[in-house]
Amino acid sequence: PQVAGSDGGGEGGGGSGAGPFVGLLDIFGFEDFESNSLEQLLINFSNEHLQAIFNSIIFSAAQAEAEAEGVPPPQFDAEAVSNVSTIALFSAPHSGLFALLNEECVFPKGTDESFVAKLHAANKEHSRLSVLQPEGSAFRVAHYAGSVKYQARGFLNKNKA
């Protein structure tokens with residue numbers, strides 16, 4: 001079998017090969033580089049969603065198995081493994097990172113710094129966000145896998161493209 005991207009062949013690989021094809025999805029592909037921009041933020045946001053699905057499946061299955069065996073379900077701190085608040089930080093309709101980024105892109109004098117200032121103003125009480133001063137265009141998000149510093153320089157231009 002071929003691994004996705006090995007030479008572009010195989011079924012669904014875009015090549016002309018007719019052999020078997022193995023596609024892999026790394027749900028633990030969360031990364032934190034020295035400099036993290038919009039692209040890395042989008043990757044990490046996607047991984048937040050994958051982690052939420054994983055958590056839901058695993059914990060639901062464990063609870064169902066315990067109930068089927070007549071064993072009281074194990075007690076655990078659901079809030080400690082939940083990343084719902086992080087997902088909401090990104091996707092809340094009016095105060096979420098994506099809504100504010102889209103909004104800032106339509107303002108003629110919108111800047112990356114003004115975007116970060118609005119993000120902070122709208123979410124200053126959010127436990128998963130911190131704005132780094134005096135940098136102005138940097139902020140930190142506490143993801144399920146760790147805290148990541150994002151440099152917002154270029155966010156508006158990339159989002160407009």
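Select from the stretch 43-59 the residues that are of a type in the set (A, V, I, L, M, F, W, C), over 15 Å from the mean Cα position of the chain (by Cα) and surrounded by fewer than 16 Cβ atoms within 10 Å (Cβ to Cβ) and list them in ascending order. Selection gives Ile57, Ile58.
Evaluate the stretch 104-124: report whether one residue or more is assigned to a helix (DSSP H, G or I), in contact (Cβ under 8 Å) with a residue 40 or more places away in the chain and in contact with an Asp or Glu (Cβ under 6 Å, 6 or more places away or on another chain). Yes, that holds for at least one residue.
If you go through the stretch 50-75 and keep only what is under 29 Å from His143 (Cβ atoms) and assigned to a loop (DSSP other than H, G, I, E, B), you end up with Pro73, Pro74, Gln75.
Listed by first and then second residue, the pairs with beta-carbon distance under 8 Å, at least 6 apart or on different chains, first residue in the stretch 129-158 and in a loop (DSSP other than H, G, I, E, B), second crowded, with 17+ Cβ neighbours inside 10 Å and β-branched (Val, Ile, Thr), are Gly136/Val116; Ser137/Val116; Tyr144/Thr86; Ala152/Val116. Looking across the stretch 111-161 at every residue that is farther than 17 Å from Gly96 by Cβ and small (Gly, Ala, Ser), the one that is modelled with the lowest pLDDT is identified as Gly136.
So that you can scan it fast, the table gives a plain yes or no per residue for (1) open to solvent by less than 70 Å² (accessible area, probe 1.4 Å); (2) on the phi > 0 side of the Ramachandran plot; (3) of a type in the set (Asp, Glu):
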site	(1), (2), (3)
Gln63	no, no, no
Ala66	yes, no, no
Glu69	no, no, yes
Pro73	yes, no, no
Val106	no, no, no
Ser114	yes, no, no
Ser127	no, no, no
Glu135	no, no, yes
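The values are calculated or read from the model by the stated rules, or taken from the named source; none is laboratory data. Since we're looking at a predicted model, the values are computed, not measured. With ideal geometry, Cβ positions are generated from the backbone for all residues, glycine too; neighbour counts draw on all protein chains shown. Ligands, DNA and RNA are stripped out before the accessible areas are found, and what is left, the full protein with its side chains, is counted by its heavy atoms. Shrake-Rupley method; radii C 1.70, N 1.55, O 1.52, S 1.80 Å.
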